[in-house]
1. Starting from a Cα-only point model with no solvent, please compute log10 I(q)/I(0) by Debye for segment 69-112 at q = 0.33 1/Å.
2. How big is the charge dipole of the chain about its Cα centre, in debye rounded to the nearest 20, if each Lys and Arg gets +1 on its Cβ and each Asp and Glu gets -1 on its Cβ?
3. Taking 1 over the mean of 1/r across every pair of different Cα atoms in the chain, what Kirkwood radius in Å do you get?
4. Where does the longest stretch of the chain lie that holds no trypsin sites (Lys or Arg not before Pro) found in a DSSP loop with 14 or fewer other Cβ atoms within 10 Å?
5. Which value results when the Cα radius of gyration for segment 179-332 is divided by 2.2 N^0.38 Å?
6. Which cross-chain or sequence-distant (5 or more) residues have an amide H under 5 Å from the amide H of Asn263, H modelled 1.01 Å from N in plane?
7. Mind checking Rg over Rh on segment 49-147, alpha carbons, Kirkwood formula for Rh?
8. Using a 10 Å Cβ count of at most 12 others and DSSP loop calls, identify the longest part of the chain lacking such GluC sites (Glu not before Pro).
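Readers should treat all values here as calculations from the given coordinates under stated rules, not as data from a laboratory. Keep in mind that this is a model prediction, so the values were computed, not measured. With ideal geometry, Cβ positions are generated from the backbone for all residues, glycine too; neighbour counts draw on all protein chains shown.
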Amino acid sequence: MKKTILFLATVAFCAACSNDPDPAIEKANFVRIYDNNQFDASYRPLDVVQTADGGYLILGERDISEDNAPYYAGAFILKVDEWGQVVSELEVTSDQVNPLAPLLKVGDKIYFFNMDPLTTQAQLSEVSPNGSLVSTTLVNGVFYPAAAAVDGNGFVVLGYDNATRESVISLVSTSGVASAQKGFSVGAGDAAEEPIIEHYNRTGKVFPFQVGKTASGRYFFNGFYDYTFSLVFTDLAADGPLGRVNGNQDKGGFSQLMPLEGNRYAAATFSFGRNFLMPSVTLNESATDQVSNLEDAGGLSLLELTPNAIVKIYSVTINGTPVTLYASNTVSKQISLYAYDRTAGTLMGTHYLGFSNPFEVGAVTPTADGGLAICGTTYVAGRFPRAVLFKMSADKVNEAF
């Protein structure tokens, strides 16, 4: 097992600058911090994808507290070239709030979901590879969008209907038409709804909502059901869940889940501040009483992670080996990467990104050259949240793990 710490000199680029990239700059390995002169601005990247031209498209949140939308996060889109230099930046208007990661690719088009702050309805926005907004469509019948994923030629979306007090899964087409909706009661009373609304308003805990499809073709969501932040399996037809893994009310649950094959998953959980990584865990999609205490589910407890840490899980290939890659944040203010052999479930190595400023992970994506791109947030001068992009070549990734 390898354990390495990456220290790189920062190169800050102002978004207003338009200098041509220096061909001598090594584009295979770099770190870029995107600063500006707005001291009261806040930028937090949520996802990054590589575009066909070799550059990168970054979606993130921004503070719009002075734009008549004090309770929601705004959106920004940053396009950088293969050297990491800014091509364009777009601060999306405040009628599109709470952008959802990940950026979603269907065919050759890129989309993301967001919310209308007045109606709380979901909106589907298409983004061009150069970072401009192509279109935005209101999705009727889907409210308070919390998570989204690609499902064939469309999407599966998790939302919340505050009229019926239900977590709702919907299938949505690329034209923004919702169908095959299924609701699950979060429970009666204001106490059941309070943590959900605080999540959207950013006045309380931000929960790791997730939605997707299992290897067997069923759907799952990670969200509130029956007073508890639970993992729920459904076919969108049966009354109630087909399977369920209980959390601990709003104090514990799954941080992230990635289907592998059959009933095997790579997962991460949180419970009263503690974090657990499970590179290979078996879950029964048809059982509703699998685990009553998430700490009994096993997994590696990592005390170096921040309490109730953000955890992202990715399927990548490193030096020809299928790998489950975890990304999270440490108490020492670095981004941590943990690589597990997907077949054996064994830890291959740990790698840290970060130096003098605090750093927080946004997302990771494989790159065309066999390397990785990692976007996140850093705090310039320890206080100004700004976007950062790390690029690691295939050689550096191989050395790290």
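1. So the normalised log intensities work out to -1.09.
2. Values: 26 positive and 41 negative charges, 174 e Å.
Once rounded to the nearest 20, the dipole reads 840 debye.
3. Values: mean 1/r = 0.0466 Å⁻¹.
In the chain this quantity evaluates to 21.4 Å.
4. Numbers: sites that count: Lys205, Arg383.
Counting at most 14 other Cβ atoms within 10 Å as exposed, the longest clean stretch of the chain is 1-204.
5. Numbers: Rg = 15.5 Å, N = 154, 2.2 N^0.38 = 14.9 Å.
The value comes to 1.04.
6. none
7. My calculation of the ratio gives 0.98.
8. Values: sites that count: Glu26, Glu66, Glu261.
That would be 67-260.
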